[in-house]
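Before I ask anything, let me first share the structure, which is written out below as structure tokens.
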């Protein structure tokens, strides 16, 4: 009787621990998804700014423009800054994707453990009925 009771108590406590891990993992996934969307939005904005800079440089490089060397140098410097920012944003996006994959894998492991635990709890209840510790209601 004590073995079955102790096993049931331990399984209930372990179920609570797994539920807490699942909740924490879900909240981390929500935060990481939000970060992923922000990174994608910033990446698109950076690409648009680079396209605009290329358009301005094309206009300045036309033979009809006058006194464009100083302005062209400013646009080139800004282009280099945006390209550096684009590289950093891509790195952040890759890191965020990797973190999200890890969270999904961790969630799958915890859910699998929880399903196994529920099967164990069901077997414990069946064992308690067989031993006569529990009586089914009529």
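Bear in mind these aren't lab numbers, they're just calculated from the coordinates by the rules spelled out. Predicted model only: the values in this text are computed from it and were never measured. Cβ atoms come from the backbone with ideal geometry, glycine included; neighbour counts cover every protein chain shown.
Check the range 24-42 and report whether any residue there is within 26 Å of residue 119 (Cβ to Cβ), in a helix (DSSP H, G or I) and either touching a strand residue (DSSP E or B) at 6+ places or on another chain (Cβ under 7 Å) or free of Cβ contacts under 8 Å to residues at least 60 places away in the same chain (or both).
Narrowing the range 24-42 to residues within 26 Å of residue 119 (Cβ to Cβ): 24-26, 29.
Going one step further and asking which of them are in a helix (DSSP H, G or I), we end up with 24-26, 29.
Narrowing the set further to residues that are either touching a strand residue (DSSP E or B) at 6+ places or on another chain (Cβ under 7 Å) or free of Cβ contacts under 8 Å to residues at least 60 places away in the same chain (or both) leaves 24.
Yes - at least one qualifying residue is present in the range 24-42.
Tell me which residues, restricted to the range 83-138, are in a loop (DSSP other than H, G, I, E, B) and without any contact (Cβ under 8 Å) to a residue 60 or more places away in the chain.
At the first step, the residues of the range 83-138 found to be in a loop (DSSP other than H, G, I, E, B) are 132-138.
Listed by number, the residues that qualify are 132, 134, 135, 136, 137, 138.
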